[in-house]
Amino acid sequence: MKRHAQVVGWGKYVPAKVLTNEDLARLVDTSDQWIRERTGISERRVAAPRETTATMAIQAAQEALKMADVNPARLDLIIVATATPDYAFPSVACLVQDALGASRAGAFDLAAGCSGFVYALATAAQFIQTGAYDTIMVIGAETLSRIVDWTDRNTCVLFGDGAGAVLLRPNADGGGLLSFVLGADGSGADLLILPGGGSKHPASLSTVEERLHYVKMDGREVFRFAVNVMGKAAVQAIKAANLGLGSVDLLIPHQANLRIIQSAAKFLKLPPEKVFVNLEKYGNTSAASIPIALCEAIENGRVKPGDHLVLVGFGAGLTWAAAVLKWGPVAAPVPVPWWKTAWHRMRGRLYAFRSALIRLWRRVDALLGGGREPG
Ligand SMILES: CC(C)(COP(=O)(O)OP(=O)(O)OC[C@H]1O[C@@H](n2cnc3c(N)ncnc32)[C@H](O)[C@@H]1OP(=O)(O)O)[C@@H](O)C(=O)NCCC(=O)NCCS
């Protein structure tokens, strides 16, 4: 029987700081009414100065490990989907690997814009289906507040920060990831772009003066693209899973704009109760939006064992991605006893200490001449 990748743990992290539409109206020429009517967003979360994509990804991943009660040393692979890594390199995934103490795991980041989480899920599922790996952490994490131009009303009202993670394990009883569709159209690369800081426009005084380190977006064109692609990609994934539209129990779409979500729901003939929406609280958190929404759908009792969930996203690239997940027997958060929470917290501290010791040892080893060529 085929080994499907099944979600056995999940976790999310959103920063504490809330930025409301009224707060934004004090920064740029906009209004609560315009933002709600045109996007459906009421507020978003903004990372504190010490928070980064990695710190949020770590929190979400620790939550997922705790709920599944899995030792991080059992992780085979960590994939982080993000468009806002802490650094160009090392990857966020490596920072997560170190903090979790996932000593056996490979780690890499995946860049597919807001479709990144579904791309990462599909990628991870291949390792599980082939039998290469058993335990994989897939994370979507973003600190978009650091690349948003807070003087540009066209973009700054849309985005927010946060992270969501799922832990995947094999399942042979027919549950898990049943299908996926990945797509790209690079001819639309300029429609949603962060032009500065890469090899084309390396950071310089002029790139800063020209504000090239901020998101540039043609909102109308991205909107047209999204409306066109969301429903179609979802239908393709549903067909690839050998299901009909009537079998969909919950659509968990990328949370970018309520009007885009509604048009996808209409295309799929889904009533509102079969569509999960939480963008009013978080705005568009890019690669983090689908895993955060998945976590909240579970928390809110919207996911039952055996349900068919359709995840669908679109984003920079341009990219799109859809997947069908058959939910396994673990449908609701299992209450974690206090001692397990304490143990997971202590283990996190121990791994931080271990990491510091390894770094210290690397210095001592270098001083002692370790690794030098003989002679
Ligand atoms: C950005 C978006 C909300 C704009 O909504 P819209 O209904 O398409 O609005 P338009 O672009 O037609 O602009 C209408 C007017 O509102 C203005 N406007 C734009 N942002 C505004 C804001 N925050 N407050 C007030 N007015 C605003 C525009 O300047 C424009 O004014 P003009 O007609 O005088 O030029 C919408 O196009 C959208 O959601 N696009 C997709 C973006 C997205 O999802 N990006 C992420 C992809 S992962």
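Using 7 Å Cα-to-Cβ label points, what is the LYS17/ARG362 separation (nm, one decimal)?
In this crude spin-label approximation the distance works out to 3.0 nm.
For a Förster distance of 30 Å, can you work out the FRET efficiency between the beta-carbons of THR151 and LYS266, rounded to the nearest 0.05?
Computed FRET efficiency for THR151 and LYS266 comes out at 0.30.
Could you tally the net charge around ALA356, taking each other residue with its Cβ under 13 Å from the Cβ of ALA356, Lys/Arg +1 and Asp/Glu -1?
Combined, the nearby Lys, Arg, Asp and Glu give +4.
How about LYS66: which aspartates and glutamates have a C-alpha closer than 20 Å to its C-alpha, ignoring those fewer than 8 places off in the same chain?
Straight-line reach from LYS66, under 20 Å: ASP76, ASP98, ASP134, GLU296, GLU299.
Using a basic spin-label model with each label point 7 Å from the Cα along Cα→Cβ, how many nm lie between HIS213 and LEU27?
1.6
Find how many whole Å separate the alpha carbon centroid of the range 127-168 from the alpha carbon centroid of the range 6-73.
10
Could you list, in their original order, any pairs among LYS269/LYS326; LYS266/LYS326; LYS216/LYS326 whose Cα atoms are separated by more than 27 Å?
The answer is LYS216/LYS326.
Tally Lys and Arg at +1 and Asp and Glu at -1 over the other residues with C-beta under 14 Å from the C-beta of ASN228: what net charge comes out?
Charge balance in the 14 Å sphere: +3.
Give the residue list of trypsin sites (Lys or Arg not before Pro) in the range 38-127 that are DSSP loop and have at most 16 other beta-carbon atoms within 10 angstrom.
Sparse-neighbourhood loop trypsin sites (Lys or Arg not before Pro): ARG50, ARG104.
Under a plain spin-label model, where a point goes 7 Å from the Cα along Cα-to-Cβ, how far apart in nm are ALA240 and VAL336?
3.2
Taking the mean number of other Cβ atoms within 10 Å as a proxy for protection, how do you rank 194-207, 253-266 from highest to lowest?
Averaged packing, sorted descending, gives the order 253-266, 194-207.
None of the figures in this text is laboratory data; all of them are computed from the coordinates on show. Model, not experiment: these values are computed from the prediction. Methodologically, a virtual Cβ is constructed for each residue, glycine included, from the backbone with ideal geometry; neighbour enumeration extends over all protein chains shown.
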